[in-house]
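The values are calculated or read from the model by the stated rules, or taken from the named source; none is laboratory data. Everything numeric in this text was worked out from a predicted model, so none of it was measured. Reconstructed Cβ throughout: ideal geometry from the backbone, glycine too, with neighbour counts over all protein chains shown. Side chains are part of the model used for accessible areas, which takes the heavy atoms of the whole protein and leaves out ligands, DNA and RNA. Shrake-Rupley method; radii C 1.70, N 1.55, O 1.52, S 1.80 Å.
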Amino acid sequence: MAAKNRTWEDKVRKVVPYVAGEQPKDANIIKLNTNENPYPPSEKVREAMEQLAEEADLLRLYPDMDATALVDALAQYLHVDSSRIFVGVGSDDVLALSFMTFFCGGGTLLFPDITYSFYKVWASLYRIPYRTVPLTQDMRIDPAAFKAGPEDGELAGIILPNPNAPTGVEAPQADIEAILQANPACVVIVDEAYVDFGAESALPLLEKYDNLLIVQTFSKSRSMAGLRIGYAVGNEKLIGFLKDVKFSFNSYTLGRPSILMGTASVKDEVYFRETTEKIAKTREWFSGELDRLGFVHPQSRANFVFAKHPAHTGEELLQKLRANGILVRHFAQPGISDYLRITIGRPEQMKEVVRVLEEIL
Ligand code: PMP
């Protein structure tokens, strides 16, 4: 078509969006499909909500664009300087801005072939060429495979979740360090959305590697998916670049409620430990039950388990669980289409899952 005949539609940036897990309207469903926390947020968060109601008049004003109270609380909790923390509207916001900030400088982006499916979407949105790196047979990350191949030219960056999603498999810190050591010339993002359920954080590596960015979220371990808070930790220079892009895009991201309630959550470390430990304990019990029922699954360090049964397809189990009021996540992707990702709920919910699975099998 001649250029002058192009329509407005020809000029649109067309993308294939990320498909999030379903949010059903039926409250009776046992909802184990989006890795939400089955316990309520801290009581301190509810108290902050009450304070907010009393201060409703303040909603007239724009919020603190630096979210200082929240950033300072996180700095204290993580034992780093406030200048090393960046907050956003869920870790998806932080990750999307990070792709824009760190990965658009040319070269190829690397991430695992089985991983958080949003990475591919952001890469396409920002037109970042990418190459997926296969996991090993037992669903581990092979650190040696995370380096530029002859087809890549240079690397635009590397991103991987730890523990990985949807497998739940944790990469040991030595493997993360090996990736950092081999790739000093690009930013390496470790997405620690699920780190609080018993995995080791890469935080200590920040002292040694100035190209490391760690991203965490309030959506899972802090039971606050509904509020949308995420954050990144890195050296001051890296965080500075991220802030420059954010303030070139949308200055006021976190609203007053998020700042107030997020800060309250961070200050209740006792409750945070209690609930994350409870979920890890339920996960261990549930993993044992899956073994007993003949399921195959890698060891999970997250708040979900990724499992398949040799005698049933993933699609079949998904539908039968659904017919029994249990919602889990299934990915129609080659290699993992027989697996179900089952979020860890309360013990009584997981007992019901086991009872239904026994019936189905
Ligand atoms: N990273 C990973 C690996 C995830 O599974 C999720 C949850 N979908 C996120 C990031 C984003 O979580 P949120 O935006 O709720 O912080």
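Listed here are the residues, each with its yes/no results for (1) within 13 Å of the ligand (Cβ to nearest atom); (2) within 19 Å of the chain's Cα centre (by Cα).
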{"site": "150", "(1), (2)": "no, no"}
{"site": "166", "(1), (2)": "yes, yes"}
{"site": "173", "(1), (2)": "no, yes"}
{"site": "179", "(1), (2)": "no, no"}
{"site": "193", "(1), (2)": "yes, yes"}
{"site": "214", "(1), (2)": "yes, yes"}
{"site": "230", "(1), (2)": "yes, yes"}
{"site": "234", "(1), (2)": "no, yes"}
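Checking each residue in the stretch 339-353 for being within 22 Å of residue 194 (Cβ to Cβ) and not in a strand (DSSP E or B) picks out 339, 344, 345, 346, 347, 349, 350, 353.
Yes/no per residue for (1) farther than 23 Å from residue 299 by Cα; (2) β-branched (Val, Ile, Thr); (3) within 16 Å of the ligand (Cβ to nearest atom):
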site: 145; (1), (2), (3): no, no, no
site: 159; (1), (2), (3): no, yes, yes
site: 186; (1), (2), (3): yes, no, no
site: 207; (1), (2), (3): yes, no, no
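Residues that are more than 15 Å from the ligand (Cβ to nearest atom) and in the same structural domain as residue 176 (by TED's automatic domain parsing): does the stretch 114-122 have at least one? The answer is no; no qualifying residue exists.
Tell me yes or no: at least one residue of the stretch 269-285 is open to solvent by 30 Å² or more (accessible area, probe 1.4 Å) and closer than 22 Å to residue 114 by Cβ. No, that holds for no residue. Residue 23 meets all of the listed conditions (1) open to solvent by 60 Å² or more (accessible area, probe 1.4 Å); (2) not in a loop (DSSP other than H, G, I, E, B) but one, namely (2).
Considering each residue of the stretch 207-228 in turn, none proves to be surrounded by fewer than 20 Cβ atoms within 10 Å (Cβ to Cβ), in contact (Cβ under 8 Å) with a residue 40 or more places away in the chain and in a helix (DSSP H, G or I). For residue 307, the test of being in the same structural domain as residue 36 (by TED's automatic domain parsing) and surrounded by 19 or more Cβ atoms within 10 Å (Cβ to Cβ) is passed.
Only one of the numbered conditions (1) of a type in the set (A, V, I, L, M, F, W, C); (2) assigned by TED's automatic domain parsing to the domain that holds residue 50; (3) in contact with a strand residue (DSSP E or B) (Cβ under 7 Å, 6 or more places away or on another chain) is violated by residue 321, and that is (2).
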